[in-house]
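First the structure, in the form of structure tokens, and then the observations on it.
The values are calculated or read from the model by the stated rules, or taken from the named source; none is laboratory data. Computed from a predicted model, the values in this text were never measured in an experiment. Virtual Cβ from ideal backbone geometry, glycine too; neighbours counted across all protein chains shown. For accessibility, only protein heavy atoms count, side chains too; no ligands or nucleic acids. Shrake-Rupley method; radii C 1.70, N 1.55, O 1.52, S 1.80 Å.
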Amino acid sequence: MTKTHCPYCALQCGMEIGPALEISPRTDVPANAPGALCQKGWTAAELLTNGERLTTPLLHGEPVEWETALDHVAARLSDIRAEHGPDAVAVFGGGGLTNEKAYQLGKFARVALGTSQIDYNGRFCMSSAAAASVRAFGMDRGLPFPVTDLGEADVVLLAGANVAETMPPFVRHLSGPRLIVVDPRRTPTARLAWLHLQPTPGTDLALALGLLHLAIADDLVDADYVAARTTGFDDVRTSLAAWWPERVERVTGVPVHRMRQAVRALAAAQNAYVLTGRGAEQHAKGTDTVTAFINLALALGLPGRHGSGYGCLTGQGNGQGGREHGQKADQLPGYRRIDDPAARAHVARVWGVRAEDLPGPGRSAYELLDALGTPRGPRALLLFGSNPVVSAPASGHVSDRIAGLDLLVVADVVRSETAAMADVVLPVTQWAEESGTMTNLEGRVLLRRRAVAPPAGVRSDLDVIAGLAARLGHRFDTEPAAVFDELRRAAAGGVADYSGITYERIAAGTGLFWPCPSEDHPGTPRPFLDRFAHPDGRARFVPVEHRPAAEEPDGDYPVYLSTGRVLSHYQSGAQTRRIASLVRAAPEPFVELHPDLAEQLGVAAGDLVRVTSRRGRSRAVARISDAIRRDTVFMPFHWEGANRLTNPALDPVSGMPEFKVCAVRVERDS
């Protein structure tokens, strides 16, 4: 049996793989102890034997040898760079790549290609919470405490997360506390709640402002904590004057008495947590929304206290580590800013290049995709671990941009919707066929171990990167352990300091928390107990103001659309839609409507309905449920279609698109 971790979400449940590819849960990994997996985890071995697996490089759809494919890609990259400059080549990564791959991809872009045009699909996942955490605490680590701490809480407020479907084993950590859920739908998670606050889509920020207004008005603020550990409270208090409870009720639809229940429960608890997820974050004001919930947590004295705090529930498997080591447009390894001269000098020394030769910040993910094939945008795209034809907002527009490229190269396990458009497809290894580290939602660095040999003809992403780098005149390591050792040197002294973490230390236990600055350091499971990461050690209150969604319903598009996940599938579905039992459980996309809206539209359960936004149109079967608001419909995004409708309006701080709310028209399809 080989000890490893699940290939899916950021909980990174521990599992073992036997010689016949049998899966069993580990009992030594805190995230899923004493031994739990969701249906995706139990069926993960089928990813290794799936008949749709790519095993041969494809050049214009035809099988070719690896050397032919890599020679072609390198030659085309060289030609495009020579004619249009280094920024004519872009790299797009993924939050499911190991730390080693994310690191090497960022290095490849900046050193071998010399391009600033690199970002990743984690921009669509964690960026707003990351930006809010950095400005409040000076550091972004999804959960700045072990997930097991949640079991000690009396109350947990969960804003915009449906963990019962997205990471079911996580629910075990919520079995003790009173659970307050903020969600426009009565999701399976909301059904577990002691209190469900059901706001109008796009109004989470107003709700958070109203909750803090009530905390101040009812004298529930922890004044000693605020004075000793924070700055900026007076400015926030002044900014809240206009958000009296009755106004918040009119804006959000949440009754005042329920808001007051929530605030009083949090304030009365000895131990309490405020947690946010994608529902609160995937908005053009997502950073401010998370900031408002952080302000609430700070006012109640929660962050930096054992048994209490604020945290964000990372989504993708390596959503935390994937944004720490360089595949993000504005960052270098160790969570360093790419525009910081000291950071550039440090990383340049590790890479053996001149700091002045490193490019500066590039475009964020959607801005990068939107620029593809345009006169001033990239002419070539190398894509690893992502499927933007399904997952990007306004995906029809993104597909058009991708189609306008001179060169599209996709490294993937299967022929995804994006890979089907590629000039070159490179078949790569997956989770159990390779070793590497992942950093889960707690900031715990874990070791995935190779359990089986990959199919003949398949190479690792590290091999692909090294092969292309060699053809461009650079030497890159291909062994994960060697790459990780270099990552440790590059991360040393950074915010996300991994320099004291080794494969041997991880293997000897159940992972190590960063920051871990030396090999005799125990790691940092709770980084804020003594001080926050700002130079003065204090957390920052930041005033924010509610604003409407970028697109509100009107006469032409009278209904809100919200998107999200279902239990059986993951992300763009490229993996899970190829697992027979998961497809049987959730065979097709759907549109969830309230019975009153369905009656108004003349729609019955099972009817085909057409959903239209200003960006596109999609069809799916109707599912009638009173779990959703009368003014809202819901579609899962695991199939191509939902994101044809979504709005690419961007958060000005994080670059997060407004996935969670847009205006649509719903009609029975004839």
Inset, instruction - Subtract the Cα-Cα distance of A82 and Q270 from 0.36 nm times their separation in residues, and report this length gain in nm to one decimal. - result: 61.4 nm
Legend entry - Segments 125-135, 240-250 sorted - mean Cβ within 10 Å per residue, highest first: 125-135, 240-250
Inset, instruction - Provide the FRET efficiency to the nearest 0.05 for the T49-E588 pair, computing r from the beta carbons and using R0 = 22 Å. - result: 0.35
Legend entry - For the stretch 547-616, the Rg and Dmax computed from alpha carbons only, in angstrom: 15.2, 44
Inset, instruction - Can you pull the one-decimal nm distance between simple spin-label points at S24 and D219, each 7 Å off the Cα toward Cβ? - result: 6.0
Legend entry - Convex hull volume per residue for the stretch 400-498, taking Cα atoms only, in Å³: 160
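Please tell me the relative contact order of the stretch 290-370 in percent, rounded to the nearest whole number, where contacts are Cα pairs under 8 Å and at least six residues apart. Could the numbers behind the result be given before it?
On the way: 61 pairs, mean separation 13.1, N = 81.
Computed value for the stretch 290-370: 16 percent relative contact order.
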Legend entry - Between the stretch 339-415 and the stretch 1-34, the Cα center-to-center distance that results, in Å: 33
Inset, instruction - Could I have the simple spin-label model distance between A227 and A470, label points 7 Å from Cα toward Cβ, reported in nm to one decimal? - result: 6.7
Legend entry - From phi via Karplus (6.51, -1.76, 1.60), per-residue ³J(HN,Hα) for the stretch 396-411 in Hz, x at Gly/Pro: x, 5, 4, 4, 4, 5, 5, 5, x, 6, 7, 8, 10, 10, 10, 9
Inset, instruction - Give the cross-link partners of K101 among the lysines, using a straight C-alpha distance below 26 Å as the criterion and excluding same-chain residues fewer than 8 apart. - result: K3, K40, K328
Inset, instruction - Give me the percent of the accessible area of the chain that comes from carbon and sulfur atoms, probe 1.4 Å, all protein chains in place. - result: 48
Legend entry - the stretch 247-321-the stretch 434-486 distance, computed between alpha-carbon centres (Å): 36
Legend entry - Charge dipole magnitude, Cβ of K and R +1, D and E -1 - the chain, Cα centre, debye nearest 20: 480
Inset, instruction - Order the peptides 492-504, 274-286 from the highest to the lowest mean number of other Cβ atoms within 10 Å of their residues. - result: 274-286, 492-504
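If you keep only loop residues by DSSP, which trypsin sites (Lys or Arg not before Pro) in the stretch 567-670 have at most 16 other Cβ atoms within 10 Å of their Cβ? List each step's numbers first, then the result.
Numbers: sites: R577, R578, R584, R610, R614, R615, R617, R619, R623, R629, R630, R644, K660, R665, R668; in loops: R614, R615, R629, R630, K660.
Answer by residue number: R614, R630.
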Inset, instruction - Give the residues of the stretch 509-549 whose amide nitrogen is closer than 15 Å to a point set 7 Å from the Cα of A342 in the direction of its Cβ. - result: 533-537
Legend entry - Distance (nanometres) between label positions extended 7 Å along Cα→Cβ at W42 and D330: 4.3
Inset, instruction - Report, in whole Å, the centroid distance computed from the Cα atoms of the stretch 36-102 and the stretch 563-631. - result: 30
Legend entry - Accessible area expressed per residue, the stretch 1-117, with surrounding protein chains retained (probe 1.4 Å, Å²): 33
Inset, instruction - Report the extension gain between D485 and S175 in nm, rounded to one decimal, defined as 0.36 nm multiplied by the number of residues separating them, less their alpha carbon distance. - result: 107.7 nm
Inset, instruction - Any chance you could look up the accessible area of H397 with a 1.4 Å probe, heavy atoms only, rounded to 10 Å²? - result: 60
Legend entry - Sum of -39500 (n - 2.57) over DSSP H runs of 4+, divided by residues of the chain (222 nm, nearest 500): -8000 deg cm²/dmol
Legend entry - Furthest towards positive pole of dipole, G511, V495, F541, structure part the stretch 440-564, Cβ charges: G511
Legend entry - Student exercise, the stretch 182-272 dipole from Lys, Arg, Asp, Glu Cβ charges, in Debye to nearest 20: 460
Legend entry - Alpha-carbon Debye profile of the stretch 174-232, log10 I(q)/I(0) at 0.26 Å⁻¹: -1.02
Legend entry - Normalised contact order of the chain, rounded percent, pairs of Cα under 8 Å and 6 or more residues apart: 20
